[in-house]
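Worksheet: one structure, shown below.
Quick note: the coordinates plus some simple rules give every number you see, no bench work behind them. Quick caveat: nothing in here was measured; it's all calculated off a predicted structure. For neighbour counting, all protein chains shown are included, and Cβ atoms are generated from backbone atoms with ideal geometry for every residue, glycine included.
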Amino acid sequence: MSDIYQELQKNQVVLLLVPSAEYNQTIVKNMKKLAGKNVCYITLNKTFDSLKELFNKNKIDTKDIVFIDAISSTIKKTPGQTEGAYFISSPGALTEIAISVDKFLRHNFDYIIFDSLTNLLIYEKKEPVAKFVSSIVNKIKASKTKAIFYALSLKEQSDLIEQTSMFVDKVINIEK
């Protein structure tokens, strides 16, 4: 398995294909490697609360992490923002997510983590998602910020993964 921190020294935007069974341990391991860096964590599948709990349980300090949470509002009433978290109406709100990413790129984060591309397909068709990813990657490449895009390595998602791999600098497939 490649070291994500080393890969990000050589590549600005990385697509990480993760088997679902190893998903949580992969995001924890990568966050430990990025500890102490300014991270903008965009979550489309876990709530801010559950991620914070997961990270705290694994002794990952979240003070340098700002979360953009696109899932909590679909489950419960959320404020626009709280300490360390901004809430988006839904993972299907691509324009809203893009505006947030744009805003956060201006804050010169060291890393943006996008968790996860495959979740977008639950809410949107493949074409708008591919266009959205292309646009986000281009915005990131125009900045100094580095990015990790997570995607589940599922056969059903191979079309999106294939399209997305054209936009990123490197695709890393984490196999057992």
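With 0.36 nm allotted per residue and the present C-alpha distance subtracted, the residue 77-residue 10 stretch has 20.0 nm of extension available. Helix content alone sets the calculated 222 nm mean residue ellipticity of the chain: runs of n ≥ 4 DSSP H residues at -39500 (n - 2.57) each, divided across all residues, give -12000 deg cm²/dmol. Taking only Cα atoms and a 10 Å spring cutoff, compute GNM fluctuations for the chain and point out the largest among 120, 54, 105. Taking springs between Cα atoms under 10 Å, the residue moving most is 54. Taking +1 at the Cβ of each Lys and Arg and -1 at the Cβ of each Asp and Glu, which of 99, 150, 31 sits farthest along the dipole of segment 4-173 towards its positive end, judged by Cα position relative to the Cα centre? Looking along the dipole axis, the top candidate is 31. A full extension of the chain between residue 154 and residue 63 corresponds to an added length of 29.5 nm, given 0.36 nm per residue minus the alpha carbon distance. Past 32 Å, Cα to Cα: identify those pairs from 59/155; 32/103; 77/170; 63/125; 32/141, in the order given. Checking Cα-Cα distances, 59/155; 77/170; 63/125 exceed 32 Å. Taking a Cβ cut-off of under 14 Å around residue 40, the surrounding Lys, Arg, Asp and Glu residues balance to a net charge of +2, with basic ones at +1 and acidic ones at -1.
Modelled spin-label separation between residue 174 and residue 38, with each label point placed 7 Å from Cα along the Cα-to-Cβ direction: 2.6 nm.
In this structure, the amide hydrogen of residue 149, modeled 1.01 Å from its nitrogen in the peptide plane, lies closer than 5 angstrom to those of 14, 15, 16, 114, counting only residues at least 5 positions away or on a different chain. Taking GluC sites (Glu not before Pro) across segment 70-132, the ones in a DSSP loop with at most 10 further Cβ atoms lying within 10 angstrom of their Cβ are 83. Each label was represented as a point 7 Å from its Cα along the Cα-to-Cβ direction; for residue 54 and residue 127 these points are 3.3 nm apart.
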